[in-house]
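What follows is a single structure, written as structure tokens, with notes after it.
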Amino acid sequence: MKYYIISGEASGDLHASNLVKELTKVDPNASFRGWGGDLMQAAGVDLVKHYKDQSFMGFFEVVINLRKIFTNIKFCKEDIEKYNPDVLLFIDYSGFNLRIAKWAKQQNYKTFYYVSPQIWASRESRIEAIKRDVDEMFVILPFEKEFYEDKHNYPVNFVGHPLLDAIGNRPQVLPDDFRKENNLDNREIIALLPGSRKQEITNMLSIMLSVVDDFTDYQFVIAGAPSQEYHFYEQFIGKKNVHFVTGKTYDLLSVSKAALVTSGTATLETAIFKVPEVVCYKANWISYQIAKRIITLKFISLVNLIMDKEVVKELIQDDLNTKNLKAELTKILDPQIRERIFLDYFELEKKLGGKGASKNAAQLIYSKIS
């Protein structure tokens, strides 16, 4: 079978790469082409365009880059026609993927979606486009099945969360080895995860670093995104107590005492590693004003959404400042508060459905097209 896969950011690249590995097992004759990142390419995907060239954060940023986005959409359609796949696999990235899905359905391509657009968070009316344009939906969050089936009468496949596999199958890293390899001292580590896109890193990292001088008993380590060069981070690093690693986020989380994390998939990754965290979010003012008017959720982090309560503190927009960040970081270093967080994290993992998501999804996808 010929698979055309489209993802638009680092998390999609990860989930797509693991799906490709499992599809190769159930479909030995599989060939793959698509949009994504280094992990997809390493898994065997003929990469058309890298996500770092097409990812824009926020409504304002999308507007000012509309010309580039429409050029990419046109090119993507032409490339799909040339490849003529047996199925299109969309991985999250809804703004782009739902446009391609609409066109693809009109061209009679099979359209499968893995990692649902977050229509339960905003613009729920998009369900009508999904019903019309997506043949099969494979969801990874437990509340999504109820949302689609009970609320909107649209059958979906819950396969579990692929992060459990990605994290559970990785080699163990010893703290002393990590410190030695990255020139760290023996103090405990606080991880900084500012995101993967230049816009969000610029917004987040300066604020995260503003508390460094208040926690001299710890050392801070920035998790650099594989899609960004070190020289981009240099402008933010001017303190002796700040270190930098790139392409080692999971290794870093596995040895960290606490973390400051930009809202997104990384909040869930941090929780699965059982690291107490403060969730941070600050967007362009215009983007934020638009977002708060259309997002209907009471939480922004996946951890709190899945648990349906505040497990981790969320500092959003004006609340994300040095004073509040210092106070919340101090709290999650307290043993009693940490114990409560750990108990919630274990409950969270149960709700995610156990390991095997990528395998489950691959077997279902192949069974529906073979």
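The values are calculated or read from the model by the stated rules, or taken from the named source; none is laboratory data. Because the structure is a prediction, the values reported are computed rather than measured. Positions of Cβ are backbone-derived with ideal geometry, glycine not excepted, and every protein chain shown enters the neighbour counts. Areas reflect the complete protein model, heavy atoms only, side chains present, ligands, DNA and RNA absent. Shrake-Rupley method; radii C 1.70, N 1.55, O 1.52, S 1.80 Å.
Based solely on its DSSP helices, what 222 nm [θ] is calculated for the chain when runs of n ≥ 4 H residues each add -39,500 (n - 2.57) and the sum is averaged over all residues, nearest 500 deg cm²/dmol? If you can, show how the numbers build up before the last one.
Working: 18 runs with 173 residues, N = 370.
Dividing the helical sum by the residues of the chain leaves -13500 deg cm²/dmol.
Using the Karplus curve 6.51 cos²θ - 1.76 cosθ + 1.60 with θ = phi - 60°, work out ³J(HN,Hα) for each residue of region 134-144 in order, rounded to whole Hz, and write x for Gly and Pro.
In residue order, the calculated couplings are 10, 6, 9, 10, 10, 9, 10, 10, x, 6, 5 Hz.
Rounded, prolate or oblate: which fits region 194-281, taking a ≥ b ≥ c as square roots of the Cα gyration tensor eigenvalues, rounded meaning a/c under 1.5, else prolate when a/b beats b/c? Write down the numbers at each step before the final one.
Working: a/c = 1.40, a/b = 1.09, b/c = 1.29.
Rounded shape, in that the Cα axes give a/c under 1.5.
How big is the charge dipole of region 142-268 about its Cα centre, in debye rounded to the nearest 20, if each Lys and Arg gets +1 on its Cβ and each Asp and Glu gets -1 on its Cβ?
Numbers: 12 positive and 17 negative charges, 43 e Å.
With only Lys, Arg, Asp and Glu charged at Cβ, the dipole is about 200 debye.
With every protein chain left in place, what is the accessible area per residue of the chain in square angstrom, probe 1.4 Å? Working shown, then result.
Values: 16770 Å² over 370 residues.
So the chain comes to 45 Å² accessible per residue, rounded to a whole number.
Please list, in chain and number order, the residues 5+ apart from His243 or on another chain whose amide H is under 5 Å from its amide H, with Hs placed from the backbone.
Under 5 Å from the amide H of His243 lie the amide H atoms of Phe220, Val221, Ile222, each far enough along the sequence or on another chain.
Roughly how big is the chain's charge dipole about its Cα centre, with Cβ charges of +1 (Lys, Arg) and -1 (Asp, Glu), in debye to the nearest 20?
On the way: 48 positive and 48 negative charges, 163 e Å.
In total the dipole reaches around 780 debye.
Taking H placed 1.01 Å from N in the peptide plane, check which residues at least 5 places from Phe138 or on another chain put their amide H under 5 Å from its amide H.
Residues meeting the amide H criterion: Tyr113, Tyr114, Val115, Asn157.
Under 17 Å Cα to Cα from Lys110, which lysines show up? Leave out anything in the same chain fewer than 8 places away.
Excluding near neighbours in sequence, the set is Lys2, Lys77, Lys82, Lys102, Lys131, Lys368.
GNM on the chain, C-alpha springs below 10 Å: top fluctuator among Ser31, Ser263, Ser358?
Sorting by GNM fluctuation, first place goes to Ser31.
Would region 1-154 count as rounded, prolate or oblate if I go by the C-alpha gyration tensor, calling it rounded below 1.5 in a/c and otherwise prolate when a/b exceeds b/c, oblate otherwise? Walk me through the numbers on the way to the answer.
On the way: a/c = 1.43, a/b = 1.12, b/c = 1.28.
It comes out rounded by the Cα gyration axes.
Rounded, prolate or oblate, given the Cα gyration tensor of region 192-342, with a/c below 1.5 counting as rounded? Spell out each step's value before the answer.
Numbers: a/c = 1.45, a/b = 1.09, b/c = 1.32.
The shape class here is rounded.
Calculate the dipole size of region 218-370 relative to its Cα centre from +1 charges on Lys and Arg beta carbons and -1 charges on Asp and Glu beta carbons; express the result in debye to the nearest 20.
Working: 21 positive and 16 negative charges, 31 e Å.
Its charge dipole is roughly 140 debye.
Which residues in region 155-199 have a backbone N closer than 20 Å to a point placed 7 Å from the Cα of Thr330 along the Cα-to-Cβ line?
Only 188-191 fall inside the zone, counting backbone N under 20 Å.
Just going by the charge dipole of the chain, with Lys and Arg at +1 and Asp and Glu at -1 on Cβ, which of Thr202, Val311, Ala259 is farthest out on the positive end?
Thr202
Out of these labelled values of Rg and Dmax of the Cα atoms in Å, [x] 21.7, 78; [y] 22.7, 71; [z] 20.4, 61, which was calculated from the coordinates shown here?
Matching entry in [x] 21.7, 78; [y] 22.7, 71; [z] 20.4, 61: [z].
Taking Cα atoms, how many degrees apart are the long axis of helix 285-294 and the longest axis of the chain, rounded to 10 and kept between 0 and 90?
60 degrees
Normalised by the number of residues in region 1-42, what is the relative contact order in percent for Cα pairs under 8 Å and 6+ residues apart?
Values: 52 pairs, mean separation 25.0, N = 42.
60 percent.
Where Lys and Arg each count +1 and Asp and Glu each count -1, what net charge lies around Ile272 among other residues with Cβ under 15 Å from its Cβ?
That sum, taken over residues with Cβ under 15 Å, equals -2.
Counting pairs of alpha carbon atoms under 8 Å apart in space and at least six apart in sequence, what relative contact order in percent does region 147-294 give?
Working: 185 pairs, mean separation 36.8, N = 148.
Once normalised by length, the contact order is 25 percent.
Output wanted: per-residue J couplings in Hz (rounded whole) for region 202-207, from phi through Karplus 6.51 cos²θ - 1.76 cosθ + 1.60, θ = phi - 60°, x for Gly and Pro.
4, 5, 9, 5, 4, 5
Whole-Hz Karplus ³J(HN,Hα) for region 154-171, in order, using 6.51 cos²θ - 1.76 cosθ + 1.60 and θ = phi - 60°, x for Gly and Pro?
Working through the residues one at a time gives 10, x, 9, 10, 8, 10, x, 9, x, 5, 4, 6, 4, 7, x, 8, 7, x Hz.
Select from Val173, Tyr148, Gly160 the residue farthest towards the positive end of the dipole of region 133-199; place +1 on Cβ of Lys and Arg, -1 on Cβ of Asp and Glu, and compute about the Cα centre.
With unit charges placed on the Cβ atoms, the residue in question is Val173.
Can you tell me how much longer the chain between Ser125 and Thr71 gets when fully stretched, taken as 0.36 nm per residue apart minus their C-alpha distance, in nm with one decimal?
Details: separation 54, 0.36 × 54 = 19.44 nm, distance 2.59 nm.
Gain on extension, Ser125 to Thr71, equals 16.8 nm.
Before anything else, pin down the relative contact order of the chain: Cα pairs under 8 Å, at least 6 apart, normalised by residue count, whole percent.
Values: 627 pairs, mean separation 64.2, N = 370.
Answer for the chain is 17 percent.
Residue farthest toward the positive end of the dipole of the chain, with Cβ of Lys/Arg at +1 and Asp/Glu at -1: which of Gln219, Asn186, Val45?
The listed residue farthest towards the positive side: Val45.
I want to verify a result. In a Gaussian network model of the chain, Cα cutoff 10 Å, which of these has the top mean-square fluctuation: Thr71, Thr202, Thr330?
Highest fluctuation among the options: Thr71.
With springs only between Cα atoms under 10 Å apart, run a GNM on the chain and tell me which of Val48, Val312, Val278 wobbles the most.
Comparing Val48, Val312, Val278 in the GNM, the peak value goes to Val48.
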